[in-house]
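Colleague: Structure incoming, see below.
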Amino acid sequence: MSFDRDRSLLFVPPSIQDRIKGVLNATVVLVMYGDYECSQSADVYRLIKVIGRQLSVSLGENYLCFIFRHFPQIEIHSHAQRAAEAAAVQGQFWPMHEMLFSHQQELGNGYLVEYANNLGLDISQFLQDISKKVYIDRINEDIESGLYSGVTAAPALFINGIRYLDRWTVEQIIAAIVAAND
């Protein structure tokens with residue numbers, strides 16, 4: 001299997017299988033490949049939250065759809081993706097997603113259980129889901145789709161299916177989002 005490292009288009013289109021904030025038929029769909037244990041991924045996610053709030057106020061709630069796809073450095077980072085997906089089984093993906101990016105330095109198993117408890121998850125089920133690796137196919141599918149799209153490291157952004165390669169500032173990303181709609 002070979003991957004085109006120069007590819008700039010999103011290989012796997014957004015679908016209801018993704019982790020979605022917003023509606024898929026939004027004017028602009030922003031896909032982020034991220035790693036909870038990568039500080040740059042957390043920084044970019046914080047920018048996206050600010051951008052989402054600004055665009056929601058100025059252009060309406062359904063203007064921007066945000067999709068998060070996993071792209072962890074498995075050999076270095078292994079904990080967080082598991083917790084997010086185990087929380088998703090109980091309908092708590094986004095609250096766990098927020099928790100993981102907010103506490104990047106504390107992602108060991110003990111902390112993950114604490115976060116699950118704080119979110120009111122069934123801890124027994126959470127631990128079973130982690131040990132059974134119920135999430136592994138989804139994470140691997142995200143990684144594979146990223147590789148097919150030319151992603152080599154997180155974070156990576158795609159705006160309406162086109163890779164974003166400019167500067168990582170609120171102003172630059174908003175300009176690219178608005179331009180994607182032109």
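The values are calculated or read from the model by the stated rules, or taken from the named source; none is laboratory data. The structure displayed is predicted, hence computed values, not measured ones. As a convention, Cβ positions derive from the backbone with ideal geometry for all residues, glycine included, and neighbour counts pool all protein chains shown. Keep in mind that these areas ignore ligands, DNA and RNA; they rest on the heavy atoms of the full protein, side chains included. Shrake-Rupley method; radii C 1.70, N 1.55, O 1.52, S 1.80 Å.
Colleague: What number of residues within region 46-57 satisfy the criterion of being open to solvent by 80 Å² or more (accessible area, probe 1.4 Å) and either aliphatic (A, V, I, L, M) or without any contact (Cβ under 8 Å) to a residue 40 or more places away in the chain (or both)?
Modeller: Within region 46-57, residues that are open to solvent by 80 Å² or more (accessible area, probe 1.4 Å) and either aliphatic (A, V, I, L, M) or without any contact (Cβ under 8 Å) to a residue 40 or more places away in the chain (or both) number 2.
Colleague: What are the pairs with Cβ atoms under 9 angstrom where one residue, in region 93-116, is farther than 20 Å from residue 47 by Cβ and the other, located anywhere, is among the β-branched types (Val, Ile, Thr)? Sequence gap at least six, or different chains.
Modeller: That search, which allows pairs on different chains as well, returns 109/130; 112/130; 113/123; 116/123.
Colleague: If you don't mind, there's one more thing I want to ask. Among the candidates 35, 18, 43, which residue alone is touching a His at 6+ places or on another chain (Cβ under 7 Å) and either modelled with pLDDT of 90 or more or aromatic (Phe, Trp, Tyr) (or both)?
Modeller: It is 35.
Colleague: I need a count of the residues in region 132-182 that are β-branched (Val, Ile, Thr) and over 18 Å from residue 46 (Cβ atoms).
Modeller: Of the residues in that region, 8 qualify.
Colleague: In region 123-173, what residues are among the hydroxyl-bearing types (Ser, Thr, Tyr) and exposed (fewer than 12 other Cβ atoms within 10 Å of the Cβ)?
Modeller: 124, 131, 152, 169
Colleague: Working only within region 166-181, note down all residues that are within 16 Å of residue 59 (Cα to Cα) and not hydrophobic (A, V, I, L, M, F, W, C).
Modeller: Once the filter is applied, which keeps residues that are within 16 Å of residue 59 (Cα to Cα) and not hydrophobic (A, V, I, L, M, F, W, C), region 166-181 yields 171, 181.
Colleague: Would a scan of region 15-37 turn up a residue that is part of a helix (DSSP H, G or I), in contact (Cβ under 8 Å) with a residue 24 or more places away in the chain and closer than 22 Å to residue 96 by Cα? Lay out the reasoning, then the answer.
Modeller: So the first thing to find is which residues in region 15-37 are part of a helix (DSSP H, G or I), and the list is none.
So far as region 15-37 goes, no, none of its residues is part of a helix (DSSP H, G or I), in contact (Cβ under 8 Å) with a residue 24 or more places away in the chain and closer than 22 Å to residue 96 by Cα.
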